[in-house]
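Below is one structure, written out as structure tokens, with a few remarks after it.
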Amino acid sequence: MKICFRALDDITNEISLKVYQKHGWNPLHSFKKTWASLCNAFLVEAKWFASGQQPKAEEYLKNGIVSCGVNVVLVHIFFLLGQNITKESVELLDETPAIISSTAAILRLWDDLGSAKDENQVGNDGSYVRCYLEEHPGCSIEEAQERTINMISDEWKHLNKELLSPNPFSESFTTASLNLARMVPLMYSYNDNQGLPLLEEYMKSMLYGTV
């Protein structure tokens, strides 16, 4: 564990130095904050698993939006792009604005739709659908999945509203957030056998296809 922490600390400091040298802003505080949030979210999930506790659906989702790692990715993208780095934009970034949280919710819920179908899972990675079913015994898995799909649709509306509203972020950053959300259906389009045929097709095309 110490080796892993040292490696993470070293690379975070290295990236921070490069951002500071190129763009004149030291992002180390923001990096540390987002990594700490991610690790704390992992700890919460570990405690649930170790104790056999089934969290409430909303509690699971609130934590899952953090543990999916989208915030870490987008915070690093923001500083590496080096555009519109101001006190206002950094303060907003540190509070996890909707442009990040909605993208994270879309990813988390899409993944959970596939996880809920997998009867071979031992239950250690959680699912919003499973948590919702535990709370609503009379609800079918199809109804829970439909609710999840509607929630994804709502998050898309929130994200689009944020993208179209005035904000302190650069167009490159908002486009990166939008493209990350767009990638999600490709990454998590599970079939009935828990395979990812569309993703497999793209990977084969990229690795083996001729140009």
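The values are calculated or read from the model by the stated rules, or taken from the named source; none is laboratory data. Source: prediction; values computed, not measured. Quick reminder, even Gly has a Cβ in these numbers, built from the backbone with ideal geometry, and neighbours come from all protein chains shown.
Taking region 78-96 on its own, how many of its residues are loosely packed, with under 13 Cβ neighbours inside 10 Å and either in contact with a Cys (Cβ under 9 Å, 6 or more places away or on another chain) or in a helix (DSSP H, G or I) (or both)?
Qualifying residue count, region 78-96: 3.
Return the total of residues in region 170-208 being touching a Ser or Thr at 6+ places or on another chain (Cβ under 8 Å), of a type outside the set (A, V, I, L, M) and at pLDDT 80 or above.
1
Would region 19-33 turn up any residue that is on the phi > 0 side of the Ramachandran plot, of a type in the set (Gly, Ala, Ser) and under 18 Å from the mean Cα position of the chain (by Cα)? Steps first, answer last, please.
First, pick out the residues of region 19-33 that are on the phi > 0 side of the Ramachandran plot: 24.
Of the ones still in play, those that are also of a type in the set (Gly, Ala, Ser) are 24.
So of that shortlist, the ones also under 18 Å from the mean Cα position of the chain (by Cα) come out as none.
There is no residue in region 19-33 that is on the phi > 0 side of the Ramachandran plot, of a type in the set (Gly, Ala, Ser) and under 18 Å from the mean Cα position of the chain (by Cα).
Which residue out of SER16, SER102 is buried (at least 20 other Cβ atoms within 10 Å of the Cβ), modelled with pLDDT of 95 or more and within 25 Å of LEU178 (Cα to Cα)?
Testing whether each residue is buried (at least 20 other Cβ atoms within 10 Å of the Cβ), modelled with pLDDT of 95 or more and within 25 Å of LEU178 (Cα to Cα) leaves just SER102.
Can you tell which of LEU113, LEU28 is farther than 28 Å from ARG182 by Cβ and touching a residue at least 12 places away in the same chain (Cβ under 8 Å)?
Going through LEU113, LEU28 in turn, the sole match is LEU28.
Among the residues of region 51-69, what is the count of those that are in a helix (DSSP H, G or I) and closer than 15 Å to TYR128 by Cβ?
Here the count works out to 11.
For GLU119, indicate whether it is of a type in the set (Asp, Glu), part of a helix (DSSP H, G or I) and either more than 14 Å from the chain's Cα centre (by Cα) or at pLDDT 85 or above (or both).
no
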